[in-house]
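Novice: Have a look at the structure that comes next, please.
The values are calculated or read from the model by the stated rules, or taken from the named source; none is laboratory data. Because the structure is a prediction, the values reported are computed rather than measured. For neighbour counting, all protein chains shown are included, and Cβ atoms are generated from backbone atoms with ideal geometry for every residue, glycine included. Protein only, heavy atoms only, side chains kept; ligands, DNA and RNA dropped before computing areas. Shrake-Rupley method; radii C 1.70, N 1.55, O 1.52, S 1.80 Å.
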Amino acid sequence: MHLSLLTAQLSSLRNVSLATPSLSTQLNSGLDQLFPPQKMQIGNGNTGKALESIRNLAKILDHFDILTLSQESQNPAKDLLDDEHVADLICYRLAESTSGRGNDEMCQWLFDTYQTEDMELQAVVLRFIPTLCGLYLPHAVSCPDEPLAGFEAVLLALYATELRARNGAPLLINIPSLSQPSPYHTPHKTSRSSAQLQQVGEVSSALEPQVAIKSTKRASIVGVALELFWRRIVVMPLKAKLDLCHYAKVWAVQGCSWVNDVDAISKLTILPSQSISTSQPEAGVVVSTPDSPTAANYHEVGEFQYPGDQLDAPRVTLDQDILRPIFKVLGHCLMGPTSPPELRAAAVDAACALYVRASHALNPEAILASRSLLRLHAAALVSSR
C-alpha cells in the first residue's frame, strides 16, 4: 500500500467527530490499514507468538542466526530482549535515513509485535522506544512537512493501548495536606470544609482518542510511550536505559547556545555540605566531571554508535508530559541499587542538561525535579565516602 493512499486514509479519519461511538474501531482500522497485522502461527501459547515474531524479524534483518533463539531457548522472548547483538541490528535499521516511512518493515514488525498483547513481546518493543523517540522528535521539529508515518504508527499503537486501559482518565494521586492533623498525633477538631479539602497531583494528563499525531498532541503521545517504557524499566537491558539518558541529554541541549556551559551551571545545584573532592574517588563511586572517562565514554557500551547529533538543529519542545517519565527513568538509573557506574554517569549528564534547560525556560517543576536528582546523587557520593 502506497504512502499517499495511507495518508489519505488517515486524513479521512481526522474528520470523524470525537463523539462518534465507533471511533475506537475506526482508530484501530486506520492503524491496521497502515500496517496490516501478519497472521501468526500460534504454537504453544505465548511461546508460539515469540517464535513467529523471531522468524519475521530474521527475514527483515536478513540475519538468520537469530533463529537459534527459537531453537535453543525455552523463553525466546526474554532472550530476544536481552540479546545485545540483535538490539544493535534493530537500532542500526531504525537509524537509517530511509527508516520510519509508511512502508518500513522494521516499524511494521514493532507494530505487529506489540499488537500480540504478550507482555514479554511488548517489552521487546518498549526496549526500542528511547531510540525511536530519539530519532522521531528531532525530525518532527526540523522537518514538520515530512512525517514519519512508520514511527508514528508505532507510537499511536502504544497510545491506543494506554487509552483503552485508562479509559482516557488522568492518573491522579492524593497529596497529604499540612493543614490536616497528622494521624500520628492527637487529632484536633477541624471544620468540615477543611476536612474535605484534598490536594490532588496529576501524574499523567487525560488522554483523548487520536487518529494522527498533530503537533499539539505530539508531547502527550510520546509521553505515553516513555511512560510505558518506565513501567517496564526493571526488565530493560542496560543499553536501553543508556539510550534514554543519551537522547534526553540531546533533547535538552539541541538548539541551545549554552550547550558548553552545562557543567558550570549544573554545579550551582550542589549544596556546600555536599561538595566533595573528586581527586581521589573511592572504588565503586561515580564522580561525573567533564574529563571523567566514565561520563565521557558511557555511550561505548555495546556496538551500536549513536548517529551524529546535530546540536545546532531546531530546539525540541519538552513539555511536562515528556519530562515526567524521563525524570522517573533518571531517578531509577541514579538511585537503583544495581545501576552500574556508566549508567549513573549517563543519568547525571542528562539531569545536568535538563536542569540547565529548565533554568533557562523558567520551568519550576523541571527545575525542582532535575535539581533534586543531582542533589540526591551528590548526597549518595558523600554518604559512600
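Novice: In nm, what is the difference between 0.36 nm times the number of residues separating V203 and T317 and their Cα-Cα distance?
Specialist: 39.1 nm
Novice: Can you tell me which of 134-144, 96-106, 218-228 comes out highest on packing, and rank the rest after it, using the mean Cβ neighbours within 10 Å?
Specialist: 218-228, 134-144, 96-106
Novice: Would you mind pulling out the separation of the Cα centroids of the stretch 237-251 and the stretch 84-129, in Å?
Specialist: If you average the Cα positions of each part, the centres end up 17 Å apart.
Novice: Could you please report the charge total around L172, scoring K, R as +1 and D, E as -1 over all other residues with beta-carbon less than 14 angstrom from its beta-carbon?
Specialist: Residues near L172 contribute +1 overall.
Novice: Count the net charge of all other residues whose Cβ sits under 11 Å from the Cβ of A351, scoring Lys and Arg as +1 and Asp and Glu as -1.
Specialist: Local charge sum for A351: +4.
Novice: By the scheme Lys and Arg +1, Asp and Glu -1, what is the net charge of all other residues having a beta-carbon under 13 Å from that of Y159?
Specialist: Around Y159, the surrounding residues sum to 0.
Novice: Report, in listed order, any pair from K241/K328; K249/K328; K49/K78; K78/K249; K59/K214 with a Cα-Cα distance greater than 21 Å.
Specialist: Pairs exceeding 21 Å: K78/K249; K59/K214.
Novice: What FRET efficiency, computed as 1/(1 + (r/R0)^6) with R0 = 56 Å and r the Cβ-Cβ distance, is obtained for K59 and S177, rounded to the nearest 0.05?
Specialist: With a Förster radius of 56 Å, E is 0.45.
Novice: Another one. Which percent of the accessible area of the stretch 131-184 is formed by carbon and sulfur heavy atoms (probe 1.4 angstrom)?
Specialist: Its accessible area is 60 percent carbon and sulfur atoms.
Novice: What percentage of the solvent-accessible surface of the stretch 343-385, computed with a 1.4 Å probe over protein heavy atoms, is contributed by carbon and sulfur atoms?
Specialist: 58 percent
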